[in-house]
Amino acid sequence: MSDPTATRGLPARPPLAARRVGYGVSVLLNTALLWLLNERPGWEAVPFLTSGTATVLGVVNASVAAAALVNLVDMVADPPWSTALGDVLVNVVGLVALVALWRTFPFAFDPSPVDWATVARVALGVSIGGTVIGAGVGSVRLVRSLTPPRHGVRPAAPHGP
């Protein structure tokens, strides 16, 4: 059976069984993360997190829960448009969480030869940038998956030597 996304010029997807295993692993990991963050002692056991973490915990939980929920839905049915929409939603909620972390910066690091606060800021900045790109890519995938293929139009030839 051929992959219907290939007729739209989209890359072929892995087999359904492999995708479902990936979705399931993601649901388990996100559920475990929610439990680790919220059960006692939870985030409070992490030595570099400050009390400011409590102010961003809700949006961080929403981001992790959104990822788990989208993957749970994808385990049941994962047409390309649905996975693309889920990717956009998860990226948008994740972006809100990352910006909240950037603004609140609930981290305090012990003195060290490495400036861990700067490392954390750079990591957050790169994550924000990657999440914006991911949302854009997901949006393009969503539009492409909903756009009917144009008959008689061949995909562009690959460029290269």
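The values are calculated or read from the model by the stated rules, or taken from the named source; none is laboratory data. Please read all numbers here as calculations on a predicted model, not as lab measurements. Note: ideal-geometry Cβ built from the backbone for every residue, glycine included; neighbour counts use all protein chains shown. We work out accessible area using only protein heavy atoms, side chains counted, and drop any ligands, DNA or RNA first. Shrake-Rupley method; radii C 1.70, N 1.55, O 1.52, S 1.80 Å.
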Given the condition over 26 Å from Leu142 (Cβ atoms), without any contact (Cβ under 8 Å) to a residue 24 or more places away in the chain and either among the β-branched types (Val, Ile, Thr) or not in a helix (DSSP H, G or I) (or both), answer yes or no: does some residue in region 58-81 qualify? no
Go through region 26-63 and report how many residues are open to solvent by less than 70 Å² (accessible area, probe 1.4 Å) and out of contact with any Ser or Thr (no Cβ under 6 Å at 6 or more places or on another chain). 21
In region 7-20, which residue that is under 15 Å from Thr83 (Cα atoms) and of a type outside the set (Gly, Ala, Ser) is least open to solvent (accessible area, probe 1.4 Å)? Leu10
Taking Gly136 as meeting all but one of (1) without any contact (Cβ under 8 Å) to a residue 12 or more places away in the chain; (2) under 30 Å from Thr50 (Cα atoms), write down the number of the exception. (2)
Looking at this structure, is Thr147 free of Cβ contacts under 8 Å to residues at least 24 places away in the same chain, open to solvent by 60 Å² or more (accessible area, probe 1.4 Å), more than 16 Å from Val64 (Cα to Cα) and of a type in the set (Ser, Thr, Tyr)? no
Only listed residue being surrounded by 12 or more Cβ atoms within 10 Å (Cβ to Cβ) and out of contact with any strand residue (DSSP E or B) (no Cβ under 9 Å at 6 or more places or on another chain), chosen from Pro113, Pro79: Pro79
Exactly one of Ala66, Ala12 is modelled with pLDDT under 95 and touching a helix residue (DSSP H, G or I) at 6+ places or on another chain (Cβ under 6 Å), and that residue is Ala12
Look at region 95-109 and say how many of its residues are free of Cβ contacts under 8 Å to residues at least 40 places away in the same chain and either in a loop (DSSP other than H, G, I, E, B) or under 15 Å from the mean Cα position of the chain (by Cα) (or both). 3
